[in-house]
Amino acid sequence: LRPSLELPRVFESSEPRLIYGFVTLVKVFRAVDEAFLSAWRADQPGARDYSDESTPASMMAQLLNYSQDGPGALSMAEVDETQRLDILVTREWLRALVWRLRLRHGARLRSRSGNENQPLFHQDADAHHPFQISRNVLGIISASHRVSLEAHGIGMVRKAP
Amino acid sequence: MNDSIRLPAANTPIFQDDDLGEARIPARMETSAAAAQLPRSVFLPYVELFLERLYPVFPVLERHAILTALQDPPLERHPLHPSFYCFLAALSAATIVQLNVTGPLSDFDTHQASGAPGIMPLSCSAEFFVAESLRTRHDGDFIGCADEYTILSSFFLFAYYGNIEQSRPAWYYLREAIGFALSMGLDDPEAYLLLDTATQQRRRRLFWLLFVTER
């Protein structure tokens, strides 16, 4: 499906708080756009189409940028805990995917150029992302109640790398 | 405000009203269809559990509309509409596996279970509900008359198979849900123009839930 449709309107629903949480989650997933998907496909084993090689570096930097996390902490606190968990974990999960794409992309560039000195990472900060992501996920999960975690069933388990 | 789902018009001369909860099966089919359906009290505890715990994850439909459809008093002798019934069974199955429910929830189950404490009776197992959903999906013309409940039935079958880690049927049913959604124009802004606000908002939520799930 393509994001062809307007989002549901929060204040036209009978449960605005819940719909607000839902819409926030949808926005996180909207970051998974065509550019992301084609980069992802190109990265799959056996993929031959590397025409989108340039994309991971630039566009995904935005996803990795923590300061862009919206909505603010205050409004996140208002979101239903079960939904908040989903939003926060999904965000970290996407970051982990992006990080992996960028790493492999860097590795391919290196092997293609045959230059050992070609940097693996696009930015030095990239090396720290796995630690940051794990720390965030642990923080999120330990701050949550078991009931909210369980509500996500297998989906939450699957997001483990 | 009428926020119940309107049923497809194709077989409607025989439907007596368009409130989903009260949807009637043609009179001549009524007896056999009603006899073939489980009493709705079987589903009620799972629907309640879904609304309590899983509704934030799957905020589809309106809470009260589902309960109204299930609880309206004169209904028990009338069979539920096939797509709604199919949806109830799939929803119950998905709720059980997603929340890892291990014991009986309804009086019906307890009744069945009496004499065999600790053993999960067939009636409240997720497999039973899935079989029931699949068995009854052809009671109506579920492809030709697909409605929002049809999409949701496929969606909850996806959730069921996903949770028991059977990825092939899971993806199959997710694709099916998306296929129904596309065929009903849920992705097409123009298809929304003539709908009332409640229906528009309900369908948008369903569309975006599928969007998120596909990723």
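Values quoted throughout were computed directly from the atomic coordinates according to the rules given, and no laboratory measurement underlies them. Keep in mind that this is a model prediction, so the values were computed, not measured. All Cβ positions, glycine included, derive from the backbone under ideal geometry; neighbour counts span all protein chains shown.
Between A:Ser111 and B:Leu134, what is the label-to-label distance in nm when each label sits 7 Å out along the Cα-to-Cβ direction?
Simple spin-label model gives 4.2 nm for this pair.
I want to make sure I understand the PRE zone here: with the label point 7 angstrom from the Cα of B:Gln71 toward its beta carbon, which residues in segment A:7-38 have backbone N atoms less than 19 Å away?
Inside the label zone: A:14-15.
With a sphere of radius 12 Å drawn around the Cβ of A:Ala151, what net charge do the other residues whose Cβ falls strictly inside it have (Lys, Arg +1; Asp, Glu -1)?
With Lys, Arg at +1 and Asp, Glu at -1, the neighbours total -2.
If the convex hull of the alpha-carbon atoms of segment B:129-215 is projected onto planes in all directions, what is the mean projected area in square nanometres?
With every direction weighted equally, the projected area is 6.0 nm².
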